[in-house]
Amino acid sequence: MTGPALRARIGSFTFHGDTVPVLRDIELAPAAGTLTAVLGGSGSGKTTLGKLLGGWLQAGPGGSLSGGLELGPTRLLFRGGPDDPRINPAAWSGRVAYVPQDAATMLSTVRSTVAEELAFGLENRGVPREDMRREVARTAALTGLTALLDRDPATLSGGELRRLALGCAVITGPEVLVLDEPLASLDSGGAVLIQDLVRELLGAGTAVVLLSQTADGLARAASHWIVLDRGVATAGGPPEELEGSSELEQAGVVLPDRPGAGEGTGRAVRRSGSGTPGAPVLELHSLAYGYGHARKPSAVPREQVLRDLELAVHAGEIVAVTGANGAGKSTLLRHVNGLLRPGAGEVRVCGRNIAGSPTGLVAASVGLLFQHPREQLFERTVLREVSFGLRGLFGTDAADRAQAALAAVGLSGFADAHPGELPSSAQRLLALATVLAREPAVLALDEPTVGLDRHGLELLRRAVEATAERGAAVVMVTHDLGYARATAHRVLELSGGRLREA
Amino acid sequence: MRARLHPLTALTGAACTAVVTTAAASWVFSVAVTLAVAVLAARAGVARQVLPAAAVILAPLCVSLLVLHGLFFPEGQTALASWGPARVTAEGLRFALELATRTAACVLALLLFSFTVSVPDLVSALAERKLPPQFVFVLASTLALLPAIAGRLVRIRQAQEARGLVLRGGLLSRLGAVRLQMVPLVLGLIEDAGSRAQALDARGFGGGAPRTSYREVPDPPAQRWFRAAALLAAAGAVVIRLALSWPPGVQP
Amino acid sequence: MSQPSLTLPAAGQAAGRGRRLLEIAGAAAIAGTYIFLVLTQPADIANGPASFSALVALGGFLLGAVLLILAVLPVLPTSTLVLMPVALVLNVVLGQLMGTTGLPFYFDAIGTVLIAVLAGPAAGAATGALSSIVWSFFNPTVLPFAAGAALIGFLAGLAARGGQFRRFYLAPVAGFGTGILAGVVSAPIAAFVFGGTSGLGTGAIVSAFRAMGDSLFAAITKQALISDPMDKAIVFAIAALLAYALPRRATFAFPFVRRFGVLAGKAPGTPKA
């Protein structure tokens, strides 16, 4: 291999209107056929770096860059002034391709089949139809999409969508491929497919840059690590050297081998204090649910998602529910606050059957944190967001409760920020704070760990434990078995519509 | 089953039908067109979608026309009945009939097109005709976004109910709820649009280079001839109408 | 295939002239059609539906709207273009959401006005016209109103540039003015193409004027002058509310907002002047 495929030197990069640069002092020179991992916690600037490398964010229109980019014989020098070269995104991204974490944003939304979506980038570059056919077939074979070529992209599963986005990026044959959290929220089967694909691309001579907040198996396969902490590259070198370094720890990178990042005290508090558990706070009795119930109660439900399900959670207890994708975990959780109504059986909160109470009222005793926190937020500032509806519950005490909840998730310093401006991990913590502030008797969490770095996971663990100690019942649904074991008193598995001890 | 219509053939047919009907200005012709379109819709198997959609649009318009012209038509001579200021005239009823049937014919023809056309084929056909790709993008993207919005609104409402938002009957509280739902909806859509713009540019959308099309839409010569004939007929109808009723006092 | 250049040529203002001509031609087509229609309006509609006026109104207004779209669309940056489907969807969906509150307004221009505020008059005009064209896919009766919708977007953009959205109470005033002009321009379509209005409430107002002996065109114009300004004042206020509810980083990312100081307050993070 001769020299790096791309050489990037970022002295500083600042968004328009900001005074503080989001990226500083980063050097990157991935060589052909090698894997480079950029590791950093949430808000470390990984995505900004990836977009800058891949031509999604251009120096000039997107912000002010001082530094240099070198691709083949082309050397571009940026000083942050008006005379800087302007990158042609179409040409640049054909050779340095970026794949976002949210694969759906990669799609054009205007193509009706996977094959046409793959071809979109070629159409725009004026490639003749015959060549397009060949390239689409080749890329589909590479990404394992051949059987799905005629499907509507909107109907793909998360893993298939991720592979389609990858296919859209590699169809132009880029020399450098930048992958942003390619394994996030994939189940193990989906993750293996992506890892194989990366190996194949490396073998074909592509330089791959991985952006990740977890030092997972894929990151361990890298030959070079760069640790990114609040926009600055604090360390760089081979993985063996950096593993266990204080820089990695500081940056908030999740190390899967050590799940109890703050030694899981979870099991220690197991029903401490109350020698005998009182009546359960949350009870599900012979619950059954099948899609199709709600509209036509008389019709035979097509698919029974939950059947004869029993669950009792006592005060101070933390229960984790795991299960494969599509096992009905989220469906189960939505019964707890009445968003879904059971076809048979009953849901009791604090001993009262919630049938007949609207969700908005059940919410006074049940707090549910959703998978997509952005949809749960609607106010102008973080403080107003947490304070929403508190006055009715606590009266004059409301302001203190709001501040306490913000402090619990480490967002006190952002009280005046707009929720939409926070990074997605902070949005998740803010949504958690809005639920915590109401001090519900039951706390229900849907995949709470997704997108959280080590610091975020620590805050989440502490908040969950504090809630349990206060005497609330906690139910969480997660695909992260390690986290479930470390935090929960009981881990249950949902399969075949029933719960059993995992 | 007939060979599939090229989307531009269907579009030309529907548009020319609407133009000719407007130019003809005869309720008999309009009713004939309406019936013909209804038969075509039934044969295409979309009558169950087209007719209710048309009814939702046309019913309020027709009621409004009937009340307006049936009761208040000061130009009318032949009074059939009168209550105070309201006067039912033969001319008014005829005027309402003319306009209602004309609008019905045009709406049905165009709706038949929308409900039968394959949007991907239309998009690809428009792109091949060198229409600005931006126009094609806005059309296709809107049609793709619309059904997704409903699901998004449901998710937002559920997330907010889970935070203790209770929807009550009062007007003010409902307006407030609409505001609370609009903010995350608009914000989410605009954020998605921002990253989509970057992705589109990276995939070469913004470049001015000539484009090609992956999807092939067959366009048999017979359909080209049909389109030319339909356009000629529509142009002829317009010219005749303009010539016949060119208003006196205005020189062409 | 030769490797395309990785950089773009320095920014130039080439090819702006042809676009400007198209814009002027589009505006002229709309204005000319309106004047022609007023001058030649049939004195006596009792002889039958005004087919002549309907064809002229349809042809002239649609031609104007299409010219405006052709002039504006190809030069819009992709970041503005991707907002248009959002605006179109908002026009449709927010209109329906408002419909559930039972208020007697249409609110079908909120997205158009929002784009105009963020991206300027040209983008607003194109959004309005496109909105009518795309919406006509489901409801063909909105197609003839494309020119009026374009005018709303254009005027909203002008109002934003002139600082009408910097004070919250000015936005409805600008909306009121826009409503007057938009109502006047749309009246010939309602009168000559549809012969009335589709709403029962608006129909009642037209009936009242007809009972007083007005011509149909005059009655519909007067009705439009009553309903449209109210509707647009509320729509402008809602669009302003939305614009201020968005994160400042999102709104100030638009060069139009930064350049003309469209919204009150400083750009995020800029030091105090």
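The values are calculated or read from the model by the stated rules, or taken from the named source; none is laboratory data. Keep in mind that this is a model prediction, so the values were computed, not measured. Cβ placement follows ideal geometry from the backbone for every residue including glycine, while neighbour counts extend to all protein chains displayed.
Of note:
- Applying a threshold of 7 Å to beta carbon distances and a minimum spacing of six or more residues, or different chains, the list of pairs starting in the range B:195-206 at a residue that is closer than 11 Å to A:Ser108 by Cβ and at the interface with chain A (Cβ under 7 Å from one of its Cβ atoms) and ending at one that is assigned to a helix (DSSP H, G or I) and aromatic (Phe, Trp, Tyr) reads B:Arg203/A:Phe120.
- B:Val37 assigned to a helix (DSSP H, G or I), over 19 Å from C:Asp214 (Cβ atoms), among the hydrophobic types (A, V, I, L, M, F, W, C) and in contact (Cβ under 8 Å) with a residue 40 or more places away in the chain: yes
- Of all residues in the range A:58-78, those satisfying the criterion of being within 24 Å of A:Ser212 (Cα to Cα), surrounded by fewer than 24 Cβ atoms within 10 Å (Cβ to Cβ) and at pLDDT 90 or above are A:Gly67, A:Gly68, A:Glu70, A:Leu71.
- Test: A:Glu439 is under 15 Å from A:Ala363 (Cα atoms) and crowded, with 16+ Cβ neighbours inside 10 Å: yes
- Subset of the range A:351-371 [more than 20 Å from B:Arg155 (Cβ to Cβ) and touching a Pro at 6+ places or on another chain (Cβ under 9 Å)]: A:Gly351, A:Ala355, A:Ala364, A:Ser365
- If the condition is being within 14 Å of chain B (Cβ to nearest Cβ), within 30 Å of the chain's Cα centre (by Cα), not aromatic (Phe, Trp, Tyr) and not in a helix (DSSP H, G or I), then the range A:37-86 contributes A:Gly54, A:Gly55, A:Leu57, A:Gln58, A:Ala59, A:Gly60, A:Pro61, A:Gly62, A:Gly63.
- Top-ranked residue in the range A:2-36 [being outside any strand (DSSP E or B) and touching a residue at least 60 places away in the same chain (Cβ under 8 Å); ranked as nearest to A:Arg454 (Cα to Cα)]: A:Val22
- C:Pro255 being more than 9 Å from chain B (Cβ to nearest Cβ), surrounded by 23 or more Cβ atoms within 10 Å (Cβ to Cβ) and not hydrophobic (A, V, I, L, M, F, W, C): no
- Failed item in (1) of a type outside the set (A, V, I, L, M); (2) under 19 Å from C:Leu130 (Cβ atoms); (3) in contact (Cβ under 8 Å) with a residue 12 or more places away in the chain, with B:Gln160 passing the rest: (2)
- Where a residue in the range C:1-21 is within 17 Å of A:Val96 (Cα to Cα) and among the aromatic types (Phe, Trp, Tyr) and its partner, wherever it lies, is outside any strand (DSSP E or B) and at pLDDT 80 or above, with Cβ under 7 Å and at least six apart: none
- With respect to being modelled with pLDDT of 80 or more, more than 28 Å from the chain's Cα centre (by Cα), more than 8 Å from chain A (Cβ to nearest Cβ) and surrounded by 15 or more Cβ atoms within 10 Å (Cβ to Cβ), B:Arg163 falls outside the description.
- The listed residue being at pLDDT 90 or above, closer than 24 Å to C:Leu216 by Cβ and either of a type in the set (Gly, Ala, Ser) or in contact with a helix residue (DSSP H, G or I) (Cβ under 7 Å, 6 or more places away or on another chain) (or both), out of B:Thr12, B:Thr17, B:Thr21: B:Thr21
- Filtering the range C:14-42 to residues that are modelled with pLDDT under 85 and touching a Ser or Thr at 6+ places or on another chain (Cβ under 8 Å) leaves C:Thr40, C:Gln41, C:Pro42.
- Any hit, the range C:236-250, residues being at positive phi and more than 18 Å from the chain's Cα centre (by Cα): no
- Only one of the numbered conditions (1) facing chain A (nearest Cβ under 9 Å); (2) not in a helix (DSSP H, G or I) is not met by B:Leu187, and that is (2).
- In the range A:145-154 there is at least one residue matching the filter, namely being over 28 Å from the mean Cα position of the chain (by Cα) and within 12 Å of another protein chain (Cβ to nearest Cβ).
- Residues of the range C:195-220 that are crowded, with 23+ Cβ neighbours inside 10 Å and of a type outside the set (Gly, Ala, Ser): C:Thr197, C:Val206, C:Arg210, C:Leu216, C:Ile220.
- Against the list (1) in a helix (DSSP H, G or I); (2) more than 10 Å from chain C (Cβ to nearest Cβ), the condition B:Glu91 fails is (2).
- The range A:87-138 - residue that is surrounded by fewer than 18 Cβ atoms within 10 Å (Cβ to Cβ) and within 7 Å of chain B (Cβ to nearest Cβ) and, of those, nearest to A:Leu6 (Cα to Cα): A:Gly126
- On the stretch given as the range C:165-198, residues that are part of a loop (DSSP other than H, G, I, E, B), farther than 22 Å from C:Val92 by Cα and in contact (Cβ under 8 Å) with a residue 12 or more places away in the chain total 6.
- Candidates A:Gly236, A:Gly190, A:Gly231, A:Gly203 - the one that is surrounded by fewer than 17 Cβ atoms within 10 Å (Cβ to Cβ) and more than 14 Å from chain B (Cβ to nearest Cβ): A:Gly203
- Qualifying positions in the range A:212-239 - assigned to a loop (DSSP other than H, G, I, E, B) and polar (S, T, N, Q): A:Gln213, A:Ser223
- Verdict on A:Arg380 being surrounded by fewer than 21 Cβ atoms within 10 Å (Cβ to Cβ), among the charged types (D, E, K, R) and more than 10 Å from chain B (Cβ to nearest Cβ): no
- Test: residue in the range C:226-247 that is farther than 26 Å from B:Val183 by Cβ, touching a Phe, Trp or Tyr at 6+ places or on another chain (Cβ under 6 Å) and at pLDDT 90 or above: yes
- Only one entry of A:Gly367, A:Gly395 meets the criterion of being among the small types (Gly, Ala, Ser), under 24 Å from A:Gly451 (Cβ atoms) and in the same structural domain as A:Val464 (by TED's automatic domain parsing), and that entry is A:Gly367.
- In the range B:19-73, residue farthest from the chain's Cα centre (by Cα) [restricted to those that are farther than 26 Å from B:Arg241 by Cα and either among the β-branched types (Val, Ile, Thr) or not assigned by TED's automatic domain parsing to the domain that holds B:Leu231 (or both)]: B:Val67
- B:Val217 more than 7 Å from chain A (Cβ to nearest Cβ), under 19 Å from B:Val136 (Cα atoms) and β-branched (Val, Ile, Thr): yes
- Some residue of the range A:10-17 being surrounded by fewer than 22 Cβ atoms within 10 Å (Cβ to Cβ) and on the phi > 0 side of the Ramachandran plot: yes
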